[in-house]
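Here the structure comes first, spelled out in structure tokens, and everything after it is commentary.
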Amino acid sequence: MMFIFGSAEQIAQSIYPILAISTLLTLLVCLLVYKVFGISKWIMVALAVLLLTATATFSTFNLSTMFYQLSLQGQQVTITLAVPDVYQQTFQAHQLKYVDAVTPNPKYDLCHVVLEDTQGMLYQSLDTDVKRCEDIQKTLVQALQLKARPPKPKSSHSPPPLPSHVK
């Protein structure tokens, strides 16, 4: 069974807007710090280079865990990733801990499939519509006898839930 969420180009090219926005924000912050605090121009240039390097590193790492294709054959799952190069990673069912369908923003009909391996590494698909995403999650749960990812426990500092008669 093959599930396609997009293309390698969609993932690989998404680094450009991330870097462009990061560069603009870094330059803005460095300019403000330079003007307000009067720190040396060369220190600010070095700081900007360090911030941009960190941004590129973390962005690349996050993109390296996004897959655009998932193949299910028996008890084996193969995902195809695009960053840094197109490659496939194969998991046996016992190497995967959870599978989930995550909707980051309920206002939009978008969702992504998330796999968690036994080492705690998370892999996520490109976004797809919620219905399809949930169907894929159910298929994987049944085929691999996995559990859905449990919800995060509420913080002890969270407010109590509203009574049912309050909306």
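Check S71, S59 and return the single one that is in contact (Cβ under 8 Å) with a residue 12 or more places away in the chain, small (G, A, S) and assigned to a strand (DSSP E or B). After applying the criteria, what remains is S71.
Which residue pairs have Cβ atoms under 8 Å apart, sit 6 or more places apart or on different chains, and have a first residue in region 107-129 that is in contact (Cβ under 8 Å) with a residue 40 or more places away in the chain and among the hydroxyl-bearing types (S, T, Y) and a second that is part of a loop (DSSP other than H, G, I, E, B) and surrounded by 12 or more Cβ atoms within 10 Å (Cβ to Cβ)? That search, which allows pairs on different chains as well, returns Y123/T65; S125/F5; T128/F5; T128/L110.
Does I79 count as in a helix (DSSP H, G or I), closer than 26 Å to L146 by Cβ and within 18 Å of the chain's Cα centre (by Cα)? In short, no.
Can T80 be described as closer than 25 Å to I21 by Cβ and in contact (Cβ under 8 Å) with a residue 24 or more places away in the chain? Against the criterion (closer than 25 Å to I21 by Cβ and in contact (Cβ under 8 Å) with a residue 24 or more places away in the chain), T80 does not qualify.
Which of the following residues is surrounded by 12 or more Cβ atoms within 10 Å (Cβ to Cβ), under 20 Å from the mean Cα position of the chain (by Cα) and either modelled with pLDDT under 90 or of a type in the set (V, I, T) (or both): S125, S59? Don't jump to the end; show me each part of the working.
Details: S125 fails: either modelled with pLDDT under 90 or of a type in the set (V, I, T) (or both).
Only one candidate qualifies: S59.
Residues that are among the polar types (S, T, N, Q) and not in a helix (DSSP H, G or I) within region 1-32 comprise S7, S14, listed in sequence order.
The values are calculated or read from the model by the stated rules, or taken from the named source; none is laboratory data. What you are looking at is a predicted structure, and each value in this text was computed from that prediction instead of being measured. Glycine also receives a Cβ, built like all others from the backbone with ideal geometry; neighbour counts cover every protein chain displayed.
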